[in-house]
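> Got a structure for you, written out below as structure tokens; questions coming shortly.
The values are calculated or read from the model by the stated rules, or taken from the named source; none is laboratory data. It should be emphasised that the depicted structure is a prediction, and the values quoted were computed from it without experimental measurement. Glycine gets a Cβ as well: all are built from the backbone with ideal geometry, and neighbour counts include every protein chain shown.
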Amino acid sequence: MNQQPLLRDSELERTSVVANNTMNRERGLSGVNSYARELGFDPVARLAGLERPSWLDLCSGEGHALRTAAGLLPAGAVLTGVDLVGPTARLPRPAGAELVTASLSTWTPPPGRRYDLITCVHGLHYLGDKLALLARVATWLRSDGLFVGHLDPDSFRLPDGRSAARQVLRALRGAGYGYDARRHLLRHEGSADRPPSLPFAHLGADPHAGPTWTGQPGVATYVRPL
Ligand SMILES: C[S@@+](CC[C@H](N)C(=O)[O-])C[C@H]1O[C@@H](n2cnc3c(N)ncnc32)[C@H](O)[C@@H]1O
């Protein structure tokens, strides 16, 4: 049973679990501490051959993966990272990549923009209304685009504090998302004209819920099935 008051996203984003720079925000594109390793594929290889590839990285941290990708992809590539804290290292603004400091609870892409690839590497752990973002993300993809992001299904909780993982995964699968439990990766292929229906009311978030499977603190998302 949850004893903590549940937080709205605007309150959650001011807590030390979410807004801190001690978490691993420095993954590069490839190598030991990298997107390729966490996702099981190299994002640049996925985009190779596309005339004007577009990659949106949600919770992009320092943006190292996008910075490297900008040097490898064609000049017209659209590379956007969005992060609540933004890059903190004193690095030059990357040529060819845009690093936006904003919350994903409110940020939306420019009108009409769609992406070939959307990633969220260990970012969903820190969001409150995870399902609202996941539903919106499906509408930001191109017709053959791919979304992939880490998800701990046990971070969804019912009002009495029990895990809502089973119910949430069933709804996500019914809405066209796939879940690789071994890699803890949620994916969605192809665009949706409107946000898929995920029938849960968002009740609020608990940033003191304890660690995810990663061992790092995460945010529990309380939902009520509709
Ligand atoms: C564990 S770090 C991962 C960063 C990057 N993806 C990487 O692997 O290096 C999680 C990131 O999520 C960001 N974050 C947390 N809540 C967010 C929100 N509401 N909107 C945007 N970014 C958020 C944090 O600022 C942090 O940089």
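> Kindly indicate whether Gly31 is within 28 Å of Gly204 (Cβ to Cβ) and modelled with pLDDT of 90 or more.
no
> Going through Ala192, Ala165, Ala220 one at a time, which residue ends up being buried (at least 21 other Cβ atoms within 10 Å of the Cβ) and hydrophobic (A, V, I, L, M, F, W, C)?
It is Ala220.
> Give the residues of region 168-226 that are out of contact with any strand residue (DSSP E or B) (no Cβ under 7 Å at 6 or more places or on another chain), within 24 Å of Glu11 (Cβ to Cβ) and of a type in the set (S, T, N, Q), sorted by residue number.
Within region 168-226, Thr212, Thr214, Gln216 meet the criteria.
> Identify, please: which residue in region 153-162 is surrounded by 15 or more Cβ atoms within 10 Å (Cβ to Cβ) and not charged (D, E, K, R) and is, among those, farthest from Ala205 (Cα to Cα)?
Looking at the filtered set, the residue picked out is Pro153.
> Do we find a residue being without any contact (Cβ under 8 Å) to a residue 40 or more places away in the chain, within 15 Å of the ligand (Cβ to nearest atom), within 18 Å of Leu198 (Cα to Cα) and crowded, with 21+ Cβ neighbours inside 10 Å anywhere in region 135-152?
Yes - at least one qualifying residue is present in region 135-152.
> Another question, if that's okay. Out of region 20-45, which residues are crowded, with 18+ Cβ neighbours inside 10 Å and more than 15 Å from the ligand (Cβ to nearest atom)?
Val44 - this is the single residue of region 20-45 that is crowded, with 18+ Cβ neighbours inside 10 Å and more than 15 Å from the ligand (Cβ to nearest atom).
> I would also like to ask the following. Would you check if Thr80 is of a type in the set (Ser, Thr, Tyr), more than 8 Å from the ligand (Cβ to nearest atom) and touching a residue at least 40 places away in the same chain (Cβ under 8 Å)?
In short, no.
> Quickly run through region 1-19 and pick out the residues that are assigned to a loop (DSSP other than H, G, I, E, B) and within 8 Å of the ligand (Cβ to nearest atom).
Scanning region 1-19 gives Glu13, Val18, Ala19.
> Would you mention how many residues in region 93-134 are more than 14 Å from the chain's Cα centre (by Cα), among the charged types (D, E, K, R) and assigned to a loop (DSSP other than H, G, I, E, B)?
Total satisfying the criteria: 3.
> Okay, next question. Within region 48-90, can you find the residues that are part of a helix (DSSP H, G or I) and either buried (at least 22 other Cβ atoms within 10 Å of the Cβ) or in contact with a Gly (Cβ under 8 Å, 6 or more places away or on another chain) (or both)?
Correct list: His64, Ala65, Leu66, Arg67, Thr68, Ala69, Ala70, Gly71.
Each row is one residue, and each column tells you yes or no for (1) touching a strand residue (DSSP E or B) at 6+ places or on another chain (Cβ under 7 Å); (2) in contact (Cβ under 8 Å) with a residue 12 or more places away in the chain.
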position	(1), (2)
Thr22	no, no
Pro53	yes, yes
Glu62	no, yes
Ala70	yes, yes
Leu84	no, yes
Leu104	yes, yes
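> For region 94-116, enumerate the residues that are crowded, with 22+ Cβ neighbours inside 10 Å and either within 14 Å of the ligand (Cβ to nearest atom) or more than 13 Å from Gly190 (Cα to Cα) (or both).
Ala97, Leu104
> Step by step: first the residues of region 207-216, then only those that are within 18 Å of the chain's Cα centre (by Cα) and either among the acidic types (Asp, Glu) or surrounded by 19 or more Cβ atoms within 10 Å (Cβ to Cβ) (or both), then the one that is nearest to Tyr126 (Cα to Cα). Which residue is that?
Here the residue is Pro207.
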